[in-house]
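Visitor: Quick one: this structure, given as structure tokens, is what I'll be asking you about.
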Amino acid sequence: TRTVTVLRPGLEVTKAADATAVYSGSDVTYTYTVSNTGVTPIRPDGPRADWIDDDQCSPVTYGSGDANNDEILDVAEVWTYSCTTALTTTTRNVATLTGTPFVPPSIPTGPIRSRAVGPLPAWSDGR
């Protein structure tokens with residue numbers, strides 16, 4: 001028999017602004033929180049520092065959260081990012097990120113091994 005582990009990725013991004021209203025030309029700082037809510041690590045598509053893209057604020061800068069500094073969002077890890085920009089008009093912006101779930105090295109992924117089982121010996125009750 002062979003057991004197959006099903007890995008379910010989960011990624012949650014929340015975004016907050018340090019103000020809900022500002023005067024034209026004033027800075028707003030956005031904070032992004034990225035959480036791994038699944039059961040498998042997630043690798044950013046590209047360097048950790050460039051993982052989040054915001055259509056109205058650039059550059060988005062990595063702050064903290066990669067506990068073992070391996071650039072992999074491990075299960076239950078939470079990474080934070082931020083970006084500051086001056087606004088001159090009411091703005092709705094969208095942050096996006098893409099990651100790839102992967103099987104960590106601790107789960108074997110090599111070839112399935114099998115063994116042949118020969119015929120059972122003849123059974124006798126001794127009569």
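Nothing in this text is a laboratory measurement; each read-out follows from the coordinates by a stated rule. All values reported here derive from a predicted model rather than from experimental measurement. With ideal geometry, Cβ positions are generated from the backbone for all residues, glycine too; neighbour counts draw on all protein chains shown.
Visitor: Residue by residue, what Karplus-based ³J(HN,Hα) values in Hz, rounded to whole numbers, does the stretch 24-39 have, using 6.51, -1.76 and 1.60 with θ = phi - 60° and x for Gly and Pro?
Guide: Each residue of the stretch 24-39 in turn: 3, x, 7, 7, 10, 10, 9, 10, 10, 10, 10, 10, 8, 9, x, 10 Hz.
Visitor: Here is a further query. If amide hydrogens are placed 1.01 Å from N in the peptide plane, which non-local residues have theirs closer than 5 Å to the one on F102?
Guide: Amide H to amide H, under 5 Å and 5 or more residues apart or across chains, F102 pairs with R43.
Visitor: Could you give the radius of gyration (one decimal) and Dmax (whole number) of the Cα atoms in the stretch 42-88, in Å?
Guide: My reading of the Cα-based Rg and Dmax gives 11.9, 40 Å.
Visitor: Could you rank the peptides 69-75, 20-26 by their average count of other C-beta atoms within 10 Å per residue, with the highest value first?
Guide: 69-75, 20-26
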